[in-house]
1. A362 is checked against (1) open to solvent by 30 Å² or more (accessible area, probe 1.4 Å); (2) outside any helix (DSSP H, G or I); (3) farther than 13 Å from I416 by Cα and fails just one. What number does that condition carry?
2. T274 is checked against (1) in contact with a strand residue (DSSP E or B) (Cβ under 6 Å, 6 or more places away or on another chain); (2) farther than 29 Å from V10 by Cβ; (3) surrounded by fewer than 22 Cβ atoms within 10 Å (Cβ to Cβ); (4) of a type in the set (S, T, Y) and fails just one. What number does that condition carry?
3. Has segment 248-264 got any residue that is open to solvent by 10 Å² or more (accessible area, probe 1.4 Å), closer than 24 Å to A158 by Cβ, within 20 Å of the chain's Cα centre (by Cα) and in contact (Cβ under 8 Å) with a residue 40 or more places away in the chain?
4. Output the number of the condition that R330 fails; it satisfies all remaining conditions of (1) loosely packed, with under 15 Cβ neighbours inside 10 Å; (2) more than 21 Å from G489 (Cβ to Cβ).
5. Given the condition without any contact (Cβ under 8 Å) to a residue 60 or more places away in the chain, more than 28 Å from G466 (Cα to Cα), in contact with a helix residue (DSSP H, G or I) (Cβ under 9 Å, 6 or more places away or on another chain) and open to solvent by less than 30 Å² (accessible area, probe 1.4 Å), answer yes or no: does some residue in segment 369-387 qualify?
6. Do we have any residue at all in segment 328-346 that's β-branched (V, I, T), under 30 Å from M279 (Cα atoms), touching a Gly at 6+ places or on another chain (Cβ under 6 Å) and not in a helix (DSSP H, G or I)?
7. Could you please find all residues in segment 405-438 being basic (K, R) and either open to solvent by less than 20 Å² (accessible area, probe 1.4 Å) or touching a residue at least 24 places away in the same chain (Cβ under 8 Å) (or both)?
8. Condition test on S295, is it polar (S, T, N, Q), part of a loop (DSSP other than H, G, I, E, B) and either open to solvent by less than 10 Å² (accessible area, probe 1.4 Å) or under 26 Å from T425 (Cα atoms) (or both)?
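The values are calculated or read from the model by the stated rules, or taken from the named source; none is laboratory data. Quick caveat, the model's predicted, so the values are computed rather than measured. As a convention, Cβ positions derive from the backbone with ideal geometry for all residues, glycine included, and neighbour counts pool all protein chains shown. Note: accessible area is taken over every heavy atom of the protein model, side chains too, but ligands, DNA and RNA are not part of it. Shrake-Rupley method; radii C 1.70, N 1.55, O 1.52, S 1.80 Å.
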Amino acid sequence: MNDPKICVSVISDNGDEMVALLRRAESVADVVELRCDRLNMEGFRILFEQLSSEKQILLTLRPKREGGESIADLQGRIGFWMQFALHRSIDQSSIWIDHEHDLIPEKEFMFWVDQCFLIRSKHYLEGMSADLASAFETVTSENEVGKIAVAVADAVDAIGVWKLLERAKADDKQLIPIAMGEAGKWTRVLGPSHGAFMTYASLDAGTETAPGQILASDLIETYRVRELTPQHSVYGLLAEKTDYSVSPWMHNAAFKAAGIDAVFVPFQTADVETFLRRMVLPDSREVELNFAGFSVTNPYKQEILDFLDEVDPIAARIGAVNTVKIEDGRLIGYNTDAFGFISTLKAEYGDLKDARVAVFGAGGAARACIASLVDEGAHVGLFARNEEKGKALAEEFGIGWEHVLGDRKMADEYDIVVNSTPLGTQGGRSNFCIMTAEAMEGLKLVYDLVYNPSETSLMREAKQAGVPAVSGLEMLIAQGARQFEIWTGKEAPIGPMKAAVEKRLLP
């Protein structure tokens, strides 16, 4: 059993509130980091007078150039630490402290620091070049824990900081390697089971003290970092953007319910070929993470076909893969979107033979929808903005294609509208919609494959038009259950999977 440390980082501009946050964090944390960046002298006084806890306290004053919020210059920071060292009511030997690398030459002014448990940190923020070898030499020692945090935009950008764990083990040093940002979340989740001294978390949503910090409750309950063994299997989400996805909650709930030593982690990447080459493929990978499979989404469902050793016949016919299983180093592709889509649509609509269905989009999800609709005997029309992709997809499946919707009533030609585009997804696309309520009047059903948010802009328009609307939530669960069965060979625990997703999505 792994025995990681979860450090919950809290910050406030009020001393009393800092103490209150400390008390709240004690229930989930092994270590509570008190970030004093925003406090004034009165705030320091209030905090220092109550600086005790049943959990380990880590005291930090982070300057802006190291990713913090403190405006204190070097002398001001030295003054803060001297105030801490001289405070009569503090048991300094019981408090851990975090010192940035630039305080190392100032030890003559802080001779007392040798008596403390010290984390020595170095941060490379967005746009900064990281000299990791030099940073490692600077912040690690026999008596101090090193912390190196690097902002990354792609999962592969975190490889360098992750590999410092190998060096730390070889040198018998203690290290906290962190890749900051959405693309670096995998280092926060997997670090403890691979020898990282500690991982950082936030207490509440929106209170993160560094980019990419994960809620402590999610680290404990969803990712189960305290339960993972060094031999755990890693499954991941491959996507250009991963922050909207609820797949980690769905699949990790399944692994927990089934008692499987595995974890599902988001891997945000702008280049799936580079990701597979540097992190997954046996002959070229630079890290050993015991990958066992992936869920693949926009925009890689077609592109990933070029890198697979085998493709299931259904996925081959569709021409898109959303599921990869790794067996003996071989990557095998499947498509569970088609099953998830058609099973939920039939449950809602009934027999699809001769039904008239308009599908919007020309990506991997659209391919799965069209193939399954054609198999059911439906009459399908495709709407896609990209003329080249739209025409090619329509020709492949023998259906009609149109570039734009135009000024028309969809019910004159169709019974069902399916949105397989990302329009309406949580984030920058949430306010976009493929059509207005007026255009939808008279339709029998609108099916939006988007599931986050739980009610999309398209569904709101459908409601206004008096048309039944279905979100992609049921499809997500159905295709996810099939993924679980492909990966593990076990029956999917659909109840816990659905409950986890609904808890995450619904207000």
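1. For A362, the exception is condition (1).
2. (1)
3. The answer is yes, given that some residue of segment 248-264 is open to solvent by 10 Å² or more (accessible area, probe 1.4 Å), closer than 24 Å to A158 by Cβ, within 20 Å of the chain's Cα centre (by Cα) and in contact (Cβ under 8 Å) with a residue 40 or more places away in the chain.
4. (2)
5. Yes.
6. Among the residues of segment 328-346, not one is β-branched (V, I, T), under 30 Å from M279 (Cα atoms), touching a Gly at 6+ places or on another chain (Cβ under 6 Å) and not in a helix (DSSP H, G or I), which makes the answer no.
7. R408, K409
8. So S295 does not fit the description; no.
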